[in-house]
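Reading through the structure tokens given below for one structure.
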Amino acid sequence: MAPRITELTHDSARELVLAAGLPEYRAKQLFNWVFAKGVLDVGRMRNLPSAFRTHLETVFDVGPPKVRAIESDRQSTTEKFLFDVGAGESVEAVLIMEGDRSTICLSTQVGCPVKCGFCASGLFGLKRNLTRGEILDQYLAIRTRAAELGRPITNAVVMGMGEPMLNIPNLLPALETMNDPEGCGLGARHITVSTVGVKKGVERFTEEPRQYTLAFSLHAPNDALRAEIVPFPAAMTCAEIVDAARNYLEAKGREVTFEYVLLDEVNSRPSHARELAELLQDVRGTVNLIPFNAVDEQPFRRPPDHVIDLFAEDLRYRGLKVTVRKRKGHDIAAACGQLRLRNMPIVGS
Ligand code: SF4
């Protein structure tokens with residue numbers, strides 16, 4: 001099968017135009033149509049010679065990616081997209097509109113090997129990595145939708161399905177194109193990648209010259225509890241995460257975020273807040289508390305509001321910077337993987 005047109009790079013665009021006997025500036029025009037304008041239908045690339053456009057149709061799978069389902073919440077602040085990635089598989093991506101911010105949440109893998117206890121994406125394990133083009137397809141399709149709503153994209157977060165640091169060879173080139181002024185043109189500081197902590201991937205990400213934002217999905221104040229919530233043996237320990245956060249600050253001058261999903265009676269007690277404050281006392285960063293979104297198949301519950309408030313206040317009192325994620329899109333299965341789960345074929349019935 002032909003590659004998606006979103007697999008195009010500066011180099012491959014140059015090779016294509018030169019092989020077609022065209023001047024080099026045509027490569028820039030082609031790259032601009034795809035990533036700056038988000039036009040994936042070659043018929044609309046009006047400034048390119050028509051014979052070259054016809055040729056592109058034989059080289060690439062063109063046109064917008066296939067979307068299997070779209071859901072929006074009642075407040076119209078969140079839209080969730082289920083992208084068909086072939087072989088009966090799909091991945092989710094989300095447009096989140098909040099004040100002046102419009103954020104795209106992207107997936108990097110089909111399924112996920114980490115299998116966090118609270119997440120639907122990991123229920124069936126990992127199927128495969130997404131390619132650079134499949135990651136960019138999500139971004140471009142949702143950016144186009146956001147433009148229709150009059151919402152320019154301000155941020156991208158790689159927090160959807162999959163563990164991004166296990167797909168570094170596709171993730172980094174996708175981010176590069178997202179950030180490229182001749183590509184999607186989104187500022188590196190507005191791009192956040194979230195990881196449970198995969199040592200090699202985090203080290204490679206830290207070496208990147210671009211000023212991306214790094215977030216660790218911590219979810220517990222100690223290794224024993226973390227192993228229950230994030231049952232991935234290759235995940236870094238809490239101490240290694242703290243070290244990596246310090247390294248990131250030193251190397252990039254960027255503070256990291258510690259994501260912490262609050263699960264009732266599991267990691268939301270006052271003793272957990274105390275332990276978390278101790279763990280993070282010597283590292284600069286922000287704790288982002290994410291009250292759990294119920295997933296039917298999972299045993300966890302969202303803590304009552306007063307427990308969430310108390311946990312946040314306790315951390316602040318102990319000197320940590322804390323944000324609490326607002327409740328968003330819970331009526332459209334906002335937690336990662338739920339839309340995919342509901343759209344999976346029912347086996348054996
Ligand atoms: S929360 Fe993220 S890392 Fe954990 S299973 Fe879900 S997709 Fe994977």
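Gln298 meets each of the listed conditions (1) free of Cβ contacts under 8 Å to residues at least 60 places away in the same chain; (2) within 16 Å of the ligand (Cβ to nearest atom); (3) surrounded by 13 or more Cβ atoms within 10 Å (Cβ to Cβ) apart from (1).
Of the residues Ala277, Ala245, Ala273, which is surrounded by 21 or more Cβ atoms within 10 Å (Cβ to Cβ), in a helix (DSSP H, G or I) and more than 20 Å from the chain's Cα centre (by Cα)?
Ala273
Looking at Leu214 and the list (1) in a helix (DSSP H, G or I); (2) within 16 Å of the ligand (Cβ to nearest atom), which single condition is not satisfied? The number of the failed condition is (1). Inside the stretch 160-199, residues that are without any contact (Cβ under 8 Å) to a residue 40 or more places away in the chain and within 16 Å of the ligand (Cβ to nearest atom) make up a count of 4.
Any residue that is aliphatic (A, V, I, L, M), within 25 Å of Met1 (Cβ to Cβ) and touching a helix residue (DSSP H, G or I) at 6+ places or on another chain (Cβ under 7 Å) - is there at least one of those in the stretch 117-128? Write out each step before concluding.
First, the residues of the stretch 117-128 that are aliphatic (A, V, I, L, M): 120, 123, 126.
Narrowing further to those that are within 25 Å of Met1 (Cβ to Cβ): 126.
Adding the requirement that they be touching a helix residue (DSSP H, G or I) at 6+ places or on another chain (Cβ under 7 Å) leaves none.
Within the stretch 117-128, none of the residues are aliphatic (A, V, I, L, M), within 25 Å of Met1 (Cβ to Cβ) and touching a helix residue (DSSP H, G or I) at 6+ places or on another chain (Cβ under 7 Å).
Selection within the stretch 105-159: residues that are under 20 Å from Phe292 (Cα atoms), without any contact (Cβ under 8 Å) to a residue 60 or more places away in the chain and among the β-branched types (Val, Ile, Thr). The member of this set that is farthest from the ligand (Cβ to nearest atom) is Val157. Taken over the stretch 30-72, the criterion of being at pLDDT below 95 and surrounded by 18 or more Cβ atoms within 10 Å (Cβ to Cβ) is satisfied by Glu71 alone. If the condition is being aliphatic (A, V, I, L, M) and within 16 Å of the ligand (Cβ to nearest atom), then the stretch 87-103 contributes Val91, Ala93, Val94. Of all residues in the stretch 248-270, which are assigned to a loop (DSSP other than H, G, I, E, B) and either more than 18 Å from Val322 (Cα to Cα) or basic (Lys, Arg) (or both)? Hits for the stretch 248-270 are Gly253, Arg254, Asp264, Glu265, Val266, Arg269.
Only residues that are within 16 Å of the ligand (Cβ to nearest atom) and either within 23 Å of the chain's Cα centre (by Cα) or more than 22 Å from Gly125 (Cα to Cα) (or both): list them for the stretch 217-227, please. Passing the criteria: Ser217, Leu218, His219, Ala220, Arg226, Ala227. All conditions but one from (1) surrounded by fewer than 16 Cβ atoms within 10 Å (Cβ to Cβ); (2) over 21 Å from Pro113 (Cα atoms) apply to Gly285; the one that does not is (1). Looking at the stretch 138-147, is at least one residue under 18 Å from Thr195 (Cα atoms) and either surrounded by fewer than 18 Cβ atoms within 10 Å (Cβ to Cβ) or not assigned by TED's automatic domain parsing to the domain that holds Leu172 (or both)? No, every residue in the stretch 138-147 fails to be under 18 Å from Thr195 (Cα atoms) and either surrounded by fewer than 18 Cβ atoms within 10 Å (Cβ to Cβ) or not assigned by TED's automatic domain parsing to the domain that holds Leu172 (or both).
Looking only at residues in the stretch 7-29 that are touching a residue at least 60 places away in the same chain (Cβ under 8 Å) and assigned to a helix (DSSP H, G or I), which one is nearest to Thr58 (Cα to Cα)? Out of the qualifying residues, it is Glu7.
Which residue, of Arg74, Arg151, is of a type in the set (D, E, K, R), part of a loop (DSSP other than H, G, I, E, B) and touching a strand residue (DSSP E or B) at 6+ places or on another chain (Cβ under 8 Å)?
On the way: Arg74 fails: touching a strand residue (DSSP E or B) at 6+ places or on another chain (Cβ under 8 Å).
Testing whether each residue is of a type in the set (D, E, K, R), part of a loop (DSSP other than H, G, I, E, B) and touching a strand residue (DSSP E or B) at 6+ places or on another chain (Cβ under 8 Å) leaves just Arg151.
For the stretch 98-116, give me the residue count where each residue is surrounded by fewer than 19 Cβ atoms within 10 Å (Cβ to Cβ) and not small (Gly, Ala, Ser). Residues that pass the stated criteria total 5. Residue under question is Ala224, and the condition is that it be assigned to a helix (DSSP H, G or I), among the aliphatic types (A, V, I, L, M), surrounded by fewer than 23 Cβ atoms within 10 Å (Cβ to Cβ) and in contact with a Phe, Trp or Tyr (Cβ under 8 Å, 6 or more places away or on another chain); does it hold? No, not satisfied.
Inspect all residues belonging to the stretch 81-89 and state whether any of them is in a strand (DSSP E or B), in the same structural domain as Leu123 (by TED's automatic domain parsing), surrounded by fewer than 17 Cβ atoms within 10 Å (Cβ to Cβ) and modelled with pLDDT under 95. Talk me through it step by step, then tell me what you get.
We begin by selecting, within the stretch 81-89, every residue in a strand (DSSP E or B); these are 81-84.
Then keep just the ones that are in the same structural domain as Leu123 (by TED's automatic domain parsing); that gives 81-84.
Now narrow it down to the ones that are surrounded by fewer than 17 Cβ atoms within 10 Å (Cβ to Cβ): 84.
Keeping just the survivors that are modelled with pLDDT under 95 gives none.
So far as the stretch 81-89 goes, no, none of its residues is in a strand (DSSP E or B), in the same structural domain as Leu123 (by TED's automatic domain parsing), surrounded by fewer than 17 Cβ atoms within 10 Å (Cβ to Cβ) and modelled with pLDDT under 95.
The values are calculated or read from the model by the stated rules, or taken from the named source; none is laboratory data. Nothing here was measured: the structure is a model prediction, and the numbers come from that model. No Cβ is skipped: glycine too gets one built from the backbone with ideal geometry, and neighbour counts run over all protein chains shown.
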